[in-house]
Amino acid sequence: MAVFIQSVVIVLIGLRAPFGGIVAAIAMMMLVGISLAFLSYALALKLTSEWLFAPVLNGIALPLMLLSGILLPLTYAPGWLQAIGNANPLRYAVDAMRGLFAGEYGSHAVLTGLGVVPGLMIASALVGTRIFAKYNA
């Protein structure tokens, strides 16, 4: 819900993009948020101490964010950093959302993102539910 509210605020502030692109990007952000929620719960259950959760999560989230190209497209990065970024599923979500905001619905970036993001959510759901079931058995 927080991701949805943040998305609406950004749109209301003055995002200039096609309506269909905005709706599709918000839907994609919701799927990414659900995926990260599954993985966060799995991480929390796996850690031995509640005090470890925040540092470990920040140690994972910051590199994922930087390697997604959300702050600066990875096309400006050196080749080795681009190669590492290609392994980050969030990169494909960011590239797809940029394409959606530009109205490029059939572009390679959008189609790739539409394949990667649901796959990420399914994989995250499987991991999260498996770990949750293991700890509640």
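Across the stretch 100-109, the number of residues qualifying as in contact (Cβ under 8 Å) with a residue 40 or more places away in the chain and in a helix (DSSP H, G or I) comes to 2.
With more than 14 Å from the chain's Cα centre (by Cα) and surrounded by 10 or more Cβ atoms within 10 Å (Cβ to Cβ) as the only criterion, which of Ala44, Ala37, Ala27 stands out?
Details: Ala37 fails: more than 14 Å from the chain's Cα centre (by Cα); Ala27 fails: more than 14 Å from the chain's Cα centre (by Cα).
Within the list Ala44, Ala37, Ala27, the selection yields Ala44.
Selection of the stretch 115-129 for residues being buried (at least 19 other Cβ atoms within 10 Å of the Cβ) and farther than 17 Å from Asn86 by Cβ yields Met121, Ser124, Gly128. Among the residues of the stretch 12-24, those identified as loosely packed, with under 14 Cβ neighbours inside 10 Å and of a type in the set (A, V, I, L, M) are Leu12, Ile13, Leu15, Val23.
Of the residues in the stretch 71-83, at least one is buried (at least 16 other Cβ atoms within 10 Å of the Cβ), modelled with pLDDT under 95, of a type in the set (A, V, I, L, M) and more than 19 Å from Ala42 (Cα to Cα).
The values are calculated or read from the model by the stated rules, or taken from the named source; none is laboratory data. Here the structure is a predicted model, which is why all the values come from computation and not from measurement. Note that each Cβ is placed from the backbone with ideal geometry, even for glycine, and that neighbours are counted across all protein chains shown.
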